[in-house]
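In what follows, a structure is listed as structure tokens, so that the remarks can point back to it.
Throughout, read-outs are computed from the coordinates displayed, never taken from laboratory work. Remember, it's a predicted structure, so these values are computed and weren't measured experimentally. Reconstructed Cβ throughout: ideal geometry from the backbone, glycine too, with neighbour counts over all protein chains shown.
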Amino acid sequence: SRCDREYHPFERASIEKFITRFWLRMEIQGEPDCDDIIAYVDRLAPDAETFWVALHRIGESKDLIKLFKQSAREVVEADGRIAAEEFYWEAKIDEFFATS
């Protein structure tokens with residue numbers, strides 16, 4: 001959400017939606033603490049290695065791949081414009097999971 005140096009409120013709302021969908025899909029008991037999770041997300045600044053490791057872990061589950069791709073697309077499109085950096089990373093995500 002910050003790869004274009006802007007963190008739009010609609011991007012944040014898309015991330016909150018992802019958290020809820022993830023919680024339901026993984027059948028995690030209780031309610032997600034969205035405030036704490038979002039506070040953690042706000043501090044994230046993953047490097048490329050962390051990003052690729054995360055993609056490999058997501059790739060272990062077809063359900064997570066679908067959820068992640070849908071949610072990533074929503075975050076990219078949330079603010080009504082797609083910056084070059086966002087387009088690049090969305091394409092890399094699609095390319096990575098193309099064989100999954």
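Relative to the current alpha-carbon distance between Asp36 and Glu16, full extension at 0.36 nm per residue lengthens the span by 6.1 nm.
If you plug the beta carbon distance of Arg43 and Asp63 into 1/(1 + (r/R0)^6) with R0 = 25 Å, you get a FRET efficiency near 0.40. Rounded to 0.05, the FRET efficiency of the Glu95 and Arg73 pair, given R0 = 22 Å and the Cβ-Cβ distance, is 0.95.
Both radii are taken from the alpha-carbon atoms of the stretch 41-100; with Rh as the Kirkwood radius, Rg/Rh is 0.95. If you bin all the Cα-Cα distances of the chain at 10 Å, starting from zero, the percentages per bin are 14, 47, 35, 3.
Residues with beta-carbon under 13 Å from that of Ala91, excluding Ala91: net charge, scoring Lys, Arg +1 and Asp, Glu -1? Once all neighbours under 13 Å are counted, the net charge is -2. The base-10 log of I(q)/I(0) for the stretch 17-56, evaluated at q = 0.21, 0.24 Å⁻¹, reads -0.81, -0.92 [Debye formula, identical scatterers on Cα atoms, solvent excluded].
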